[in-house]
């Protein structure tokens, strides 16, 4: 017994190990943590934007070597901040005398693109650069704990100076050697009429600086040309505008302290000519977006400006005596760029504009003086007039699809084009100038009517798509067409532009459908009669009510008698399925129930109850007498052995108001089922009862339970066939024996 | 423990919201349902019943 | 239940009174009048939990590594993060689960140990209630462990961003385990024994 107790005590001793082991583990873990804490360094920063206390890291070449512990405002200079850095112990040696600190944050600039993209996500950080790059040497250096951070990353290259008298570059302009960026301009200043550029050449390209190194300015166009040759990777946008500096060197001799910008002398070869104008013309001569020449000088003689241009040698054959010049303003130049999708636009001329030209004929070139047109439009007008075309003006309030070069057609033939258009604030009309080709001029007289054929004139329906456009071009762009009654020309210069529909107005009449909400009716909704489209909604007017104006061909006017009705065929989703799906896309259909007598009705309100589809169908129509409506509705089904054979068309009180008359429609093929001794009962009521009592009667379909329905049963000894208008009694519930009936009845197909 | 896990899921979701876009899908709702049924089960289960067949009615 | 005197022991598993002292005749469960070495075990587990509480709170619970830069977070740091984001409610929940409960449990266990040593006194009723409470709320301190598990599972997008469990996870889990063991080994009957 004693031994047993002793044994147990020794087991319990093991439990003492637990806290001891826990203690050891805890000490090891904590020691690990606090040993990593190394040097505490203070740096002074101008800007702490984006730095987070305890979060922002101190990095060296992408490795985290410490943390920002705290940031405080420097009490000696409130514009400065003191950041307390805590280095990791193992990287302590990186912080020695001469270590450089600077802040890295995301930078988006024109000349450099996006820099330090990573910091957008991680936030800014402090980067360090130790004075030496070997640990052995670093350890020997003395310690330093207070630093002043640099504003910009330390420059990684050598700096040299270029001086020039007149070329201007902005800071950040790149230096390229064989298409590779080897440096950039970091500073510029003016001194003694010279501009001095401080240029940084990156470390690995240092050997490019030698005695014979030439710095050659490249303007944007040349720069691009050089880029094309050497397949430079995406040059930044700014360099496209500002150009760059090209370096050429044979790498002979020692680098100079200062270089002069080398400006190669341009020797322009080409044909020189003069354009006389009222104002000074832009400096570049542009042809289809390419610079083919330039302005040399211009002088003022007798109130006219003589612009002396040169067209470069290789483009000389583009001009001759017939050449017509016109001013290209900046916007137009861009527009023409869109059309021709030129390679690289000359941005300078895009901003300043240029002088362009067309050469209609191929004749010799010896003319020295040319005129210039103010714009392409005025040149076009001149040309059209010269070719004998007639220019007329169309007045419209709505420009729609019309733009320059929209076609004018006559019976499908191209008869002219739109030259231009402008808005006249006095008349509040847009004046569209068009030209008519010579053969069609004789058709233009005061009886001529111009109308727009809209680009999209598609009549879409479920039955198919009917495109009413003569050509693909007009389908896409639209066109202006005209009709004329007389075959002579007169001096009418101004026409009103009509809509195509205006022309045919007289063949139509309109009716109004007045609603209190749109019910899915929209412009274009069809008016149908027996599934045939009579017309469509032309316009919707919203005031107190919503009035849909429906345009209908005149020949159908007889259908709209005083007692005619309209109802809406809207989208329906019900137990029975989904109806009129097309109305989601095309809007509700408006359906006419015609009454041909009694004059003409102009204003309609939509019928609230959708009439039954069977309204126009032939079939058996009989009447049931019931004590109450009992859950039955218009459209409720009539079943025979759970097969739908018809539906309720109408429910109304009998004339004496003693009972309810239910008018049934039986599809013609099931006509034979209804006999004089047929029994009708309300299946809706039955179905619910059957469910409750668990009687062995199959319930009606789900639809009939909710909507109610009428079931008909004909006894085995079937009676006589019935005629329209026969009257039956509607039982509330069936008798058991009725379900035994199984007469043979012929059903139509 | 399941309810602790649910709270943990919610806390994590809010933490992760600062890093990425989080959307709730059906799984979370199913987890709610599971938790509810699980708690009901625990509520009504009595371990002593295992040893006393005659008491279970 | 005063069963010590009449030599009958109540079996917790099958809820029957047993006259034996070793094993329950019905369910085979080991039975005893009082849990053996209850106070000593409870004390040692409590002590271990307390020791582990220190690294659990000082080390990092979790660190998110965004573009190779590590952003560690301690338990308290996580709470402060919620607080700074304006999520006071969640800050409170996490504070309650991760800091308040472990400390409260350890303090409560110490109180219970003292009370059990004294035996039945006027605090016995209160102490039993206290035991019930710490037994129930103990599991909620697992919250932070779950959070770390879920977060590390979710956020593994290589160098772009990933989350790693920190050094505090194991000590913190040990705190919870030790306090749970301590609670389990404590015998509430000792609170009512007359000395």
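The values are calculated or read from the model by the stated rules, or taken from the named source; none is laboratory data. Being a predicted model, the structure only gives us computed values, none of them experimental. Because the Cβ atoms are built from the backbone with ideal geometry, glycine has one as well, and the counts that use them run over all protein chains shown.
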Task: Condition met for residue A:426 (in the same structural domain as residue A:328 (by TED's automatic domain parsing), surrounded by fewer than 17 Cβ atoms within 10 Å (Cβ to Cβ) and either assigned to a strand (DSSP E or B) or at negative phi (or both)) - done: no
Task: Unmet criterion (only one of (1) modelled with pLDDT under 75; (2) part of a strand (DSSP E or B); (3) over 26 Å from the mean Cα position of the chain (by Cα)) for residue A:451 - done: (1)
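Going by the conditions given, is residue B:10 more than 30 Å from residue C:63 (Cβ to Cβ), under 19 Å from the mean Cα position of the chain (by Cα) and within 14 Å of chain C (Cβ to nearest Cβ)?
Working: more than 30 Å from residue C:63 (Cβ to Cβ): no; under 19 Å from the mean Cα position of the chain (by Cα): yes; within 14 Å of chain C (Cβ to nearest Cβ): yes.
Answer is no for this residue.
Right, residue C:163: touching a helix residue (DSSP H, G or I) at 6+ places or on another chain (Cβ under 7 Å), under 30 Å from residue B:23 (Cβ atoms) and assigned to a strand (DSSP E or B) or not? Quick ask: steps written out before the conclusion?
Details: touching a helix residue (DSSP H, G or I) at 6+ places or on another chain (Cβ under 7 Å): yes; under 30 Å from residue B:23 (Cβ atoms): yes; assigned to a strand (DSSP E or B): yes.
It is true that residue C:163 is touching a helix residue (DSSP H, G or I) at 6+ places or on another chain (Cβ under 7 Å), under 30 Å from residue B:23 (Cβ atoms) and assigned to a strand (DSSP E or B).
With respect to residue C:64, is the statement that it is at pLDDT below 90, crowded, with 17+ Cβ neighbours inside 10 Å and either within 14 Å of chain A (Cβ to nearest Cβ) or touching a strand residue (DSSP E or B) at 6+ places or on another chain (Cβ under 7 Å) (or both) true?
Details: at pLDDT below 90: yes; crowded, with 17+ Cβ neighbours inside 10 Å: yes; either within 14 Å of chain A (Cβ to nearest Cβ) or touching a strand residue (DSSP E or B) at 6+ places or on another chain (Cβ under 7 Å) (or both): yes.
It is true that residue C:64 is at pLDDT below 90, crowded, with 17+ Cβ neighbours inside 10 Å and either within 14 Å of chain A (Cβ to nearest Cβ) or touching a strand residue (DSSP E or B) at 6+ places or on another chain (Cβ under 7 Å) (or both).
Counting only residues that are facing chain A (nearest Cβ under 9 Å) and more than 25 Å from the chain's Cα centre (by Cα), how many does the stretch C:73-83 have?
Here is the first cut: in the stretch C:73-83, the residues facing chain A (nearest Cβ under 9 Å) are C:77.
Next cut, more than 25 Å from the chain's Cα centre (by Cα) only: none.
Residues meeting the conditions: 0.
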TODO: Among the residues of the stretch A:25-41, count how many are crowded, with 16+ Cβ neighbours inside 10 Å and farther than 30 Å from residue C:47 by Cα.
DONE: 3
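Going through C:116, C:168, C:182 one at a time, which residue ends up being within 13 Å of another protein chain (Cβ to nearest Cβ), in contact (Cβ under 8 Å) with a residue 60 or more places away in the chain and farther than 17 Å from residue C:61 by Cα? Steps first, answer last, please.
Numbers: C:116 fails: within 13 Å of another protein chain (Cβ to nearest Cβ); C:168 fails: farther than 17 Å from residue C:61 by Cα.
Answer to the selection: C:182.
Is there a residue being under 27 Å from residue A:396 (Cα atoms) and at pLDDT 75 or above anywhere in the stretch A:554-566?
From the stretch A:554-566, those under 27 Å from residue A:396 (Cα atoms) are none; that's our starting set.
Scanning the stretch A:554-566, I find no residue that is under 27 Å from residue A:396 (Cα atoms) and at pLDDT 75 or above, so the answer is no.
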Open item on the list: Being touching a helix residue (DSSP H, G or I) at 6+ places or on another chain (Cβ under 6 Å), farther than 19 Å from residue C:51 by Cβ and at pLDDT below 90: is that true of residue C:151 here?
Closed with: yes
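Listed here are the residues, each with its yes/no results for (1) part of a helix (DSSP H, G or I); (2) surrounded by fewer than 20 Cβ atoms within 10 Å (Cβ to Cβ); (3) more than 14 Å from every other protein chain (Cβ to nearest Cβ); (4) touching a helix residue (DSSP H, G or I) at 6+ places or on another chain (Cβ under 8 Å).
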position	(1), (2), (3), (4)
C:121	no, yes, yes, yes
C:125	yes, yes, yes, no
C:129	yes, yes, yes, no
C:135	yes, yes, no, yes
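So in the stretch A:200-228, with the set limited to residues that are at pLDDT 75 or above and assigned to a strand (DSSP E or B), which one is farthest from the chain's Cα centre (by Cα)?
Of all residues in the stretch A:200-228, those at pLDDT 75 or above come to A:200-217.
Next, only the ones that are assigned to a strand (DSSP E or B) stay: A:200-202, A:214-217.
On the way: A:200: 44, A:201: 45, A:202: 44, A:214: 49, A:215: 46, A:216: 44, A:217: 42 Å.
Only one residue fits best here, namely A:214.
Go over the candidates A:272, A:257, A:251, A:265 one by one and state the one that is loosely packed, with under 14 Cβ neighbours inside 10 Å, at pLDDT below 80 and closer than 27 Å to residue A:315 by Cα.
Working: A:272 fails: at pLDDT below 80; A:257 fails: closer than 27 Å to residue A:315 by Cα; A:251 fails: closer than 27 Å to residue A:315 by Cα.
So the residue among A:272, A:257, A:251, A:265 that is loosely packed, with under 14 Cβ neighbours inside 10 Å, at pLDDT below 80 and closer than 27 Å to residue A:315 by Cα is A:265.
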Task: Positions within the stretch A:229-248 being assigned to a helix (DSSP H, G or I), within 21 Å of residue A:171 (Cβ to Cβ) and at pLDDT below 50, in sequence order - done: A:237, A:238
- [ ] Could you run through the stretch C:31-61 and say how many residues are more than 9 Å from chain A (Cβ to nearest Cβ) and either part of a loop (DSSP other than H, G, I, E, B) or in contact with a strand residue (DSSP E or B) (Cβ under 9 Å, 6 or more places away or on another chain) (or both)?
- [x] 6
Open item on the list: Give me the residue from the stretch A:493-549 that is out of contact with any helix residue (DSSP H, G or I) (no Cβ under 8 Å at 6 or more places or on another chain) and at positive phi and, out of that set, modelled with the lowest pLDDT.
Closed with: A:531
Task: Candidate set: the stretch A:139-165, residues that are within 50 Å of the chain's Cα centre (by Cα) and over 19 Å from residue A:208 (Cβ atoms); chosen: the one surrounded by the most Cβ atoms within 10 Å (Cβ to Cβ) - done: A:149
TODO: Tell me the strands (runs of 3 or more DSSP E) entirely within the stretch A:11-93 that contain at least 2 residues that are within 10 Å of another protein chain (Cβ to nearest Cβ) and closer than 23 Å to residue C:66 by Cβ.
DONE: A:57-60, A:63-73
TODO: Would you confirm whether any residue within the stretch C:84-95 is in a strand (DSSP E or B), within 21 Å of residue C:161 (Cα to Cα) and within 14 Å of chain A (Cβ to nearest Cβ)?
DONE: no
Open item on the list: I need the full set of residues from the stretch B:13-57 which are in contact with a helix residue (DSSP H, G or I) (Cβ under 6 Å, 6 or more places away or on another chain), away from chain C (no Cβ under 12 Å) and either modelled with pLDDT of 85 or more or under 27 Å from residue C:95 (Cα atoms) (or both), in order please.
Closed with: B:35, B:38
Task: Residues of the stretch C:88-113 that turn out to be surrounded by 17 or more Cβ atoms within 10 Å (Cβ to Cβ) and under 23 Å from residue B:6 (Cβ atoms), as a count - done: 12
Open item on the list: Yes or no: the stretch A:66-86 includes at least one residue that is in contact (Cβ under 8 Å) with a residue 40 or more places away in the chain, surrounded by fewer than 16 Cβ atoms within 10 Å (Cβ to Cβ) and assigned by TED's automatic domain parsing to the domain that holds residue A:141.
Closed with: yes
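Regarding residue C:108, is this residue closer than 20 Å to residue A:26 by Cα and touching a residue at least 24 places away in the same chain (Cβ under 8 Å)?
On the way: closer than 20 Å to residue A:26 by Cα: no; touching a residue at least 24 places away in the same chain (Cβ under 8 Å): yes.
No, not satisfied.
Residues of the stretch A:121-144 being touching a strand residue (DSSP E or B) at 6+ places or on another chain (Cβ under 7 Å) and over 14 Å from residue A:91 (Cα atoms), which ones?
Residues of the stretch A:121-144 touching a strand residue (DSSP E or B) at 6+ places or on another chain (Cβ under 7 Å): A:121-122, A:124-129.
If the condition is that a residue be touching a strand residue (DSSP E or B) at 6+ places or on another chain (Cβ under 7 Å) and over 14 Å from residue A:91 (Cα atoms), then A:121, A:122, A:124, A:125, A:126 are the ones that fit.
For the structure I just gave you, tell me whether residue A:280 is in contact (Cβ under 8 Å) with a residue 24 or more places away in the chain, in a loop (DSSP other than H, G, I, E, B) and touching a helix residue (DSSP H, G or I) at 6+ places or on another chain (Cβ under 7 Å). Steps first, answer last, please.
Values: in contact (Cβ under 8 Å) with a residue 24 or more places away in the chain: yes; in a loop (DSSP other than H, G, I, E, B): yes; touching a helix residue (DSSP H, G or I) at 6+ places or on another chain (Cβ under 7 Å): no.
When the stated conditions are applied, residue A:280 does not pass them.
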